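Q: Take this structure first; my questions come after.
Bear in mind that the values in this text are calculations on the coordinates, not laboratory data. As the structure is a prediction and not an experimental result, all values here were calculated from the model. Quick reminder, even Gly has a Cβ in these numbers, built from the backbone with ideal geometry, and neighbours come from all protein chains shown.
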Amino acid sequence: MRSPKGRAQLRCLTVLVPLLLVACGASPLGLQAAEMTTAPVVEGPYVGPAPDDGVVRYRVPVTAAQPTIGFDTAPVTVVVFADFRCPISLQVPSTLERITARYGEDIRIVWRHFPLAFLEYDRAAASLATAAFRYFGHEGFWDAQRVFFSHEGDLGYRVLEQDGLQLGLSEAAITASFYGVHNEAIEADLALAARVGVRGTPTFFINGERIPGNPSEEVLASAIERARNAADFVYEYGARDAYEALMVHAQPEDRESAAPPTSTSDESTCEQRPPPPEMSFVITESPRPDHDFGILEPTSAPFRGSPTPQIVVQVFSGFHCAPCRPARAILDELVVEFGERVKFVFRHYPRLDGRLAAEASVEVFEQVGNAGFWRFHDLLFDGPSVHARSELERRAAQVDGLDLSRLRQALDRGTHTRKVQRDIDELAFSGVRGQSPIFIVNGRHPQGAPTIATLRRAILRELAR
């Protein structure tokens, strides 16, 4: 394959060899034909034609704002949209290693973020990786990618915080990442993904050719061979940068009439979920109001009402969200009205600043059971929101029978981080949209704000089924 480096070497030879021949008394005329077959490199934007190879290419720009491996002048550019937690994306590092090992300097790898489900921890991982890139450059990002993938999807804030410190980030930089300081860069990647038809993670673009999932060796080799041939084509028309030249004629966005991907992978992708609305109390509608989202009652969770109910209402809530306070009064009223027929189960769906309180409540439940949990629940909602750990422990100390030293140990070790995360995961991956509080009535998400009237209607409808 003739890369820009190879083309420069060829031009050098076409000058030096004739000179040597003249010096030796030979005529250089026999080299004129070979010299003429190499088109001069064109300065400025590419103006030549597109390869007529039947490949649908999408315009996926590459700038200095994306982490890369390889030379900018590599004839083949592989852009990957991926997430650090999707089970299928866990294979991305090995795929990229195979590519770089086999093709060397002919390949440039570019990363684009595609965090799933707009969950805090997915965004947090992408944001923390962006911080590593901005502080420590390309090497810093790929170090972060390696560390994050080593957890095999088991990411949470405590894990990410430890990883950030290991990578050399300051506590201030880590905190800023968690609070969305790099959201603009992530949003730009997501917007581009939407334009070029990315539906899930991972999705590869090989010189603009879209390949969803993890490509097999055969699919990968075929796609890269087409990419190399396309690069050769534009080099022959004077392109200095093969990727930029191919992007000139690439489709700027996915069109319904566009041909399907030339190559398909053996794997599916983790599909993206729609983001929840910004409002947490007024707008919590799901796209399918009468759909059973399949959110099962956990085997052990705090509850109020009947232990042997006709229906189950799951309340996904947190201790720091303002709308969760009036929801507490709604729950009290519903328990009085339907307590003999309905079981109201508490599930965790905290904001970022309420995760420690959620973990503390799990430990309280495990130590002193249902009554102790609801006592702690009420203590957290009485008075201002608890942000300091010392205040959290002070209120916990008012729960009868609680071993405060065991609570502190659980918080120090992050014993219940995963359990809180499972509640968040289950709701998010079910397809339910909204933020806490969210009421799930027998697997269904009632339309409208969670008022006493809307919830009463939903409960009565389920009891009548």
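Q: Multiply the residue gap between Ala371 and Thr175 by 0.36 nm, knock off their C-alpha separation, and tell me the result in nm, one decimal place.
A: Gain on extension, Ala371 to Thr175, equals 67.1 nm.
Q: Shifting gears a bit: How many nm is it between the label spots at Ser216 and Gln162, if each spot is 7 Å from the Cα in line with the beta carbon?
A: 3.9
Q: Counting alpha carbon pairs within less than 8 Å and at least 6 residues apart, what relative contact order, in whole percent, applies to the range 341-465?
A: About 25 percent, as a whole number.
Q: Also: If a paramagnetic tag sat 7 Å from the Cα of Arg146 along the Cα-Cβ line, which residues of the range 92-112 would have the backbone N under 13 Å from that point?
A: 93-94, 97
Q: A further question follows. Report the far tail of the P(r) of the range 349-465, meaning the percent of Cα-Cα pairs longer than 18 Å.
A: Result for the distance tail: 58 percent.
Q: Right, another one. Could you order peptides 158-168, 318-328 by the average number of other Cβ atoms within 10 Å of their residues, highest first? Write down the numbers at each step before the final one.
A: Working: 158-168: 17.4, 318-328: 18.9.
Ranked by mean Cβ neighbours within 10 Å, highest first: 318-328, 158-168.
Q: While we're looking at this one, here's another question. Give the peptides 98-110, 52-64 in descending order of average Cβ contacts within 10 Å, highest first.
A: 98-110, 52-64
Q: Now a separate question. Quick one: if you stick a label point 7 Å off each Cα along the C-beta vector at Arg422 and Ala397, how many nm between them?
A: Between Arg422 and Ala397, the label points sit 3.2 nm apart.
Q: Something else about it: Want the number for Glu184 to Ala65: 0.36 nm per residue separation, take away the alpha-carbon distance, what's left? Let's see the in-between values first.
A: Values: separation 119, 0.36 × 119 = 42.84 nm, distance 1.17 nm.
Net length gain for the segment: 41.7 nm.
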